[in-house]
Every structure is written in structure tokens, then in C-alpha cells.
1. What order, most packed first, do the peptides 17-23, 129-135 have when packing is the mean number of other Cβ atoms within 10 Å of each residue?
2. Grab the alpha carbons of the stretch 171-276, take their convex hull, and tell me the volume per residue in Å³.
3. Could you quote the convex hull projected area for the chain, Cα atoms only and averaged over all directions, in nm²?
4. Place +1 on the Cβ of every Lys and Arg and -1 on the Cβ of every Asp and Glu in the stretch 138-308, take the dipole about the Cα centre, and give the residue among 200, 164, 186 whose Cα lies farthest towards its positive end.
5. Along the charge dipole of the stretch 199-309, pointing to its positive end and built from +1/-1 on Cβ of Lys, Arg, Asp and Glu, which listed residue (272, 252, 238) has its Cα farthest out?
6. For residue 92 and residue 202 in one chain, what is 0.36 nm times their gap in residues minus the Cα-Cα distance, to one decimal in nm?
7. Taking 31 Å as the cut-off for C-alpha to C-alpha distance, list the pairs among 231/304; 123/173; 231/303; 53/156; 123/156; 173/263 that go past it.
8. Mind ordering 269-282, 291-304 by average Cβ neighbours within 10 Å, highest first?
Amino acid sequence: MAPILLHCVGNEYIEQHVQVKNPYLDTMEEDILYHFSLSTKTHNLPEMFGDIKFVCVGGSANRMKAFAQFMHGELKLSGNPDEIQDICEGTDRYCMYKVGPVLSISHGMGVPSISIMLHELIKLLHHAQCRDVVLFRLGTSGGVGLAPGTVVITDKAVDYSFRPQFEQVVLGKVITRSTELDEGVSSELLQCSSELNSFPTVIGNTMCTHDFYEGQGRLDGALCSFSHEEKLEYLRKAYEAGVRNIEMESTVFAAMCRVCGLKAAVICVALLNRFEGDQITASHEVLVEYQQRPQILVSYFIKKRLGLT
Ligand code: R2B
Ligand code: URA
């Protein structure tokens, strides 16, 4: 098992290394990160990634490329942002861009897709000996009682029963992991949002589902096994449990980061208010602008941490 490298200075722990929780990893001569098309033998991971401090993940490959190009400008880095290289170009499963100390990666849609990516990302950060890394999921979501365009910083990532936990089937048995996120990072993000004063932002619980349609109580899928009233009743219960948005990756993201000692936050924009409908009716331009909001917030957070604001 990899040592937990925490150096204590006074009462403060600094230099937090990424902890993998798998005793078999250290016995392997080579680790092939198959879905990234990277390996410990063919790539010098400490040299490529050792200076990473911020990892931003999001569903769409185009959006994460746009985010990397945006960060390039925000950090005033040299070189042409249009020539930014996809580190995972050997595969089309995920894309990955490095911009100074920031890594931008796509994860696809849903728990299985992001979970595969996170296994390989956490191993990558471990092999690269990264320290003090903060992870952000930047995403879209359906708002619960919120105006479209509102940004939600996740307090607790909760499951379909509004419990702050993630269930994983391992060897045919269900194991449950906590989905608590880093409170300090969330409140720092809220502070950043009030300094930016550009769009409404709230802290609330985020419900993670395994489906976009029936799983989120939509009436507009190919299948629908409940009534309009039952949908509204479920959303009302979710609201009462503190849920302010619904998406499809937050619980596994929170759970895996927590187990591996990584500080993490989830920031998603609400594309619609689910009490008012199910279809996403905003124009392309409006949706593009909404999706930039979590990016603007996280970029401000990063610049502030780096002393660039
Ligand atoms: C938000 O948007 C996607 C579904 O449209 C899904 O990945 C999510 O969490
Ligand atoms: N993503 C979701 O998962 N749900 C929505 O309603 C919108 C985006």
C-alpha cells in the first residue's frame, strides 16, 4: 500500500500526496492507463504531470477543450491556445489537456463513465507524485426550484433517496461509501462567486441519478411509468431534503476523491427548472453561456489561489 505522506508542521498538514487504496498497485511492474492511452513504462508521468495542482473534469470533450483554452488565456501562458494538444489523442474515450498547473479532462455521461476515468486519473496523479491537488467537476444539471442559469456548488452529493452515499457492487455485494465533499473549497467557491457578482450561485445538495429520463422523474422519455403528480411529489421531496439540482456523476466523484484523500468540489449550472418542465428549451447561445459559468467561477478560484487576481 502506498504510504500516506502527510508532513505535520505545527498543527497543519501540508504536502498531501494522492493516496491509492490498492495494495496490488505497488507490485505491478507497469501500469497501463488504458482509457488514457498512457503507461508508467512509456510515459514519464512525474515529468509530464508532477506540477498539477488543479484538475477540472466535465462531461463533454469539446467543453473541456474550450475550458483548457480559456484557462490558457486566464493564466496568461505563452504559446497559441489553438494548438493545445490532447494528451489522450491515442484514444477517443476521454480527452485531456494540460495548461500550466491545471489539467482539464472529459469524463462522458454517467457514473460508469466517470468512474473508469477517475480510477485512471487518481492512479495517474499518484504515479506522477502530485501533491495538494484539488479536483472540480464542472457540469450541467437540472435545477430543482431554481431559475435556469443558476450555478449550484454542491454541499452534499446524494443518491435517489437523498442519502449522502454512493453504492458500488463489488464481488456481488453492495458496498457504501460516503459522498462528503470539501467544505472549505465549497465556501471559498461561494466567496469567489460573490466577488465575481456575475451570475446567481447557491450551495445546495446535488442528486445523482443513473438515468436522465425516468431516473430524474422526466415525463418525456421513451418510457414513463409514473404520473405528472408523482413526478412533482418526488421533486418536492427532493427540494425538502435540500436538493437544488440533479445530474449524473456527483456521488461517485465525491466518494472516490474522498477515499483517496483528494479535496473535491462539484459546480454545475442548472439548465432548466424541473418544476416547470423536462425539455431543455433554451437556445444554443444561452446554453453555451450557461455552461461557461462554472468555468468562470473555477478559473477565478484558481487564479485567486495562484495570487493572480
Ligand atoms: C449532466 O448532463 C449530462 C446529461 O445530459 C450528464 O452527464 C450530467 O451529469
Ligand atoms: N443534466 C442532467 O443530468 N439533467 C438535466 O436536467 C440537465 C442536465
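1. In descending order of packing, they fall as 129-135, 17-23.
2. So the per-residue hull volume is 131 Å³.
3. Orientation-averaged projected area of the Cα hull: 17.4 nm².
4. The one lying farthest along the dipole's positive direction is 186.
5. 252
6. So the chain would gain 36.1 nm between residue 92 and residue 202.
7. Check vs 31 Å cut-off fails for 231/304; 231/303.
8. 291-304, 269-282
Readers should treat all values here as calculations from the given coordinates under stated rules, not as data from a laboratory. Predicted model, so just to flag it, every value in this text is computed and none were measured. Positions of Cβ are generated from backbone atoms using ideal geometry, with glycine treated the same way; all protein chains shown enter the neighbour counts.
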